[in-house]
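Okay, structure first, notes after.
Coordinate-derived values only; no laboratory data. Bear in mind that the values here come from a model prediction, so they are computed numbers and not experimental data. No Cβ is skipped: glycine too gets one built from the backbone with ideal geometry, and neighbour counts run over all protein chains shown.
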Amino acid sequence: MDKFRIALATDDGDSFVARHFGDAEFYDLYDLTPQGAEFVLRVPNRTGEEDGHADPKKAKGIAGLLKKQGVQVAMTRVFGPNIKRIRSKFVCVLTSHDKVGPGLELARESFPLIATEWELGEERGFLDLRRS
């Protein structure tokens, strides 16, 4: 792969949410290459509230919303229990960065790792790129 579409969980376009990926107000989509990232689109999260913690309907709604936009990678600071449902559809990437800019740079630097994880298909895990 020479490009991935990445969704960043944000409320303001500047910072990652400190809540679960599925609780973000928006998903800012970028086309990510080894050379950089280009903003594509902001997608509002209109999946609604969960019926209960780790609601599978919410996971399905978010996955459908992002798949329609061609997303392959999901990046945030916190994933909830639904990560087990969405990681078969996306490369889930954890970052410790608060700000989107440094998070995107980390994703760019980690492009080969993302590509390797993507190739695992439904057997993929997630990438923990948080600083120790």
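Residue-wise, which Karplus ³J(HN,Hα) couplings in Hz belong to segment 11-16, taking 6.51 cos²θ - 1.76 cosθ + 1.60, θ = phi - 60°, and x for glycine or proline?
9, 10, x, 9, 10, 6
If amide hydrogens are placed 1.01 Å from N in the peptide plane, which non-local residues have theirs closer than 5 Å to the one on VAL78?
Those lying under 5 Å, H to H, from VAL78 are PHE21.
Using 0.36 nm per residue, how much length does the chain from GLU119 to ASP2 gain when fully extended, once their Cα-Cα distance is taken away?
40.8 nm
If you take every residue apart from SER96 with its C-beta less than 10 Å away from the C-beta of SER96, what net charge results, scoring Lys and Arg +1 and Asp and Glu -1?
It works out to a net charge of +1.
Roughly what % of DSSP beta bridges within segment 33-132 run antiparallel, to the nearest 5?
Given both bridge residues lie in segment 33-132, the antiparallel proportion sits at roughly 10 percent.
Just add up the charged neighbours of THR10: K/R +1, D/E -1, any other residue whose Cβ is under 9 Å from the Cβ of THR10. It would help to have the intermediate numbers written out before the result.
Working: positive: ARG42; negative: ASP11, ASP12, ASP14, GLU25, ASP28.
Once positives and negatives cancel, what remains is -4.
Return the long-range amide H neighbours of LEU41 (sequence gap of 5 or more, or a different chain), with a cut-off of under 5 Å between placed amide H atoms.
LEU29
How long is the gain from ASP11 to GLN35 if the chain were fully straight, where each residue apart is worth 0.36 nm and the alpha carbon distance is subtracted?
Once the chain is fully extended between ASP11 and GLN35, it gains 6.0 nm.
Can you work out the Karplus-derived ³J(HN,Hα) for every residue in segment 71-83? Use 6.51 cos²θ - 1.76 cosθ + 1.60 with θ = phi - 60°, whole Hz, and x for glycine or proline.
5, 10, 10, 10, 10, 6, 8, 9, 9, x, x, 5, 4
Give a residue-ordered list of calculated ³J(HN,Hα) values for segment 111-116 (Karplus: 6.51 cos²θ - 1.76 cosθ + 1.60, θ = phi - 60°; whole Hz; x for Gly, Pro).
The phi angles translate into 3, x, 5, 4, 4, 4 Hz.
By how many nm would the segment from ARG46 to LYS67 grow when fully extended, if each residue of separation counts as 0.36 nm and the alpha-carbon distance is taken off? Each step should come with its number before you reach the end.
Values: separation 21, 0.36 × 21 = 7.56 nm, distance 1.44 nm.
Separation in residues times 0.36 nm, less the Cα-Cα distance, equals 6.1 nm.
Using modelled amide H (1.01 Å from N, peptide plane; none on Pro or chain starts), what sits under 5 Å from the amide H of SER15, excluding residues fewer than 5 places away?
VAL100
Can you tell me the dipole magnitude for segment 4-128 around its Cα centre, using point charges on the Cβ only (Lys, Arg +1; Asp, Glu -1), in Debye to the nearest 20?
Result for segment 4-128 is approximately 440 debye, rounded to the nearest 20.
May I ask you to derive the relative contact order of segment 1-118, considering only C-alpha pairs under 8 Å and at least 6 residues apart, and to give it as an integer percent?
On the way: 213 pairs, mean separation 35.6, N = 118.
Answer for segment 1-118 is 30 percent.
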